[in-house]
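The values are calculated or read from the model by the stated rules, or taken from the named source; none is laboratory data. These figures come from a predicted structure and were not determined experimentally. Neighbour counts run over all protein chains shown; Cβ positions are idealised from the backbone, glycine included. Please note that ligands, DNA and RNA were not included when accessible areas were found on the heavy atoms of the full protein model with its side chains. Shrake-Rupley method; radii C 1.70, N 1.55, O 1.52, S 1.80 Å.
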Amino acid sequence: MSFPDTRMRRLRRTESLRSLVRETTLEPGDLIYPLFLCPGEGVRRSVGSMPGVFNVSVDEAVREAEEAANLGLGGLILFGLPENKDAQGSGAWDESGIVQTGLRAIKKAGLGSGSAKNLVLIGDVCLCEYTSHGHCGIVTKSRDDQSGEKWIVENDSTLDLLARTAASLARAGADIVAPSDMMDGRVASIRRELDSQGCADTPILSYASKFASAFYGPFREAADSAPQFGDRRTYQMDGANLREAMREIDLDLEEGADMILMKPAMPYLDVIRAARQRFDVPIGAYQVSGEYSMLQAAFEKGWLDRDRAILESLVGIRRAGADFIVTYFAKDAAKLLA
């Protein structure tokens, strides 16, 4: 049947009709809010390139967690800015490290998974925030006959440090550990360490296809994690490669990943869609700092309707196939959805 018997606008006539037939939904529980923890007390330091985002001390992080729980968010993902950095990033697995301390404080406040507030707490597993050089692994010098001396990020020697970090976060109260480093074999190494440390029930959320992206720029200010030399294109993925992304996901799932996280979201919606069609596991997407900041810049200029653009950007990610979304708009979106 065709027009005039078929009129597609019939089901768009009122908000109640539109709601009834809506194919993709967005709820506060689908959203994960990132927190950047820093030393001190009563610290709430704004991030210049990310309006509305702050570096917060542990006591302030507990207040943020309380607000997130009251808004019905699905959880938090925690990043750390340590007081001191070194070449190995030893602060990442320090039992008294900033994220470990934050996890214990949030749990003690009754805001974690299994409590009345029931927030899922995710510990990001990477070394870049903790290393003096800003790379995601151990760095050594090598000699190349063509290019001369250069720095390389070692893969295999980094795995033990990532595994130690994941186990430390799990012991401190992380409900999920999320390796974001893109070292080959890190999921299997983390799984073995978790199991050997009595954390067999801790799931791994792998950043399975993390692309080397210009959209991470503001995050590096927030997390103080910019590389001091070179870039991360030797270990993060080439943005042109969709088939390679599927291989990365395949390998991580074979190694024991329970869930996968796609990063960035907006420029890689096709990757999210391809993963959703191929893999029957929970899939998340990270609406990264650059996506957030460019929207914020447009809002400040009055070029976009703020409320509509926030929700539309998130619904688009859900429609592509993400079960949950890590986003700096999580609190704002939850208020709009209330």
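Quick notes on this one:
- Residue list for segment 294-327, restricted to those being open to solvent by 70 Å² or more (accessible area, probe 1.4 Å) and part of a loop (DSSP other than H, G, I, E, B): Trp303, Leu304, Asp305
- Within segment 238-258, residues that are in a loop (DSSP other than H, G, I, E, B) have Cβ atoms under 6 Å from residues that are not basic (Lys, Arg) in these pairs: Gly239/Phe211; Gly256/Val187; Ala257/Val187; Ala257/Ile204; Ala257/Ser206; Asp258/Pro203; Asp258/Ile204, counting only partners at least 6 apart in sequence or on another chain.
- Scanning segment 221-237 for residues that are in a helix (DSSP H, G or I), closer than 25 Å to Ile283 by Cβ and charged (D, E, K, R) yields a count of 0.
- Taken together, Ala257, Ala245, Ala275, Ala333 contain a single residue that is closer than 25 Å to Val47 by Cα, buried (at least 23 other Cβ atoms within 10 Å of the Cβ) and either among the small types (Gly, Ala, Ser) or touching a helix residue (DSSP H, G or I) at 6+ places or on another chain (Cβ under 6 Å) (or both), which is Ala333.
- Test for Gly290: is it surrounded by 16 or more Cβ atoms within 10 Å (Cβ to Cβ), without any contact (Cβ under 8 Å) to a residue 60 or more places away in the chain and over 19 Å from Asp30 (Cβ atoms): no
- The set of residues in segment 12-52 that are touching a helix residue (DSSP H, G or I) at 6+ places or on another chain (Cβ under 8 Å), touching a residue at least 40 places away in the same chain (Cβ under 8 Å) and either of a type in the set (Val, Ile, Thr) or open to solvent by 30 Å² or more (accessible area, probe 1.4 Å) (or both) comprises Glu23, Thr24, Thr25, Glu27, Ile32, Pro39, Val47, Gly48, Ser49, Pro51, Gly52.
- Leading residue by the ranking (farthest from Lys331 (Cα to Cα)) among those in segment 70-80 that are of a type outside the set (Phe, Trp, Tyr) and open to solvent by less than 20 Å² (accessible area, probe 1.4 Å): Gly80
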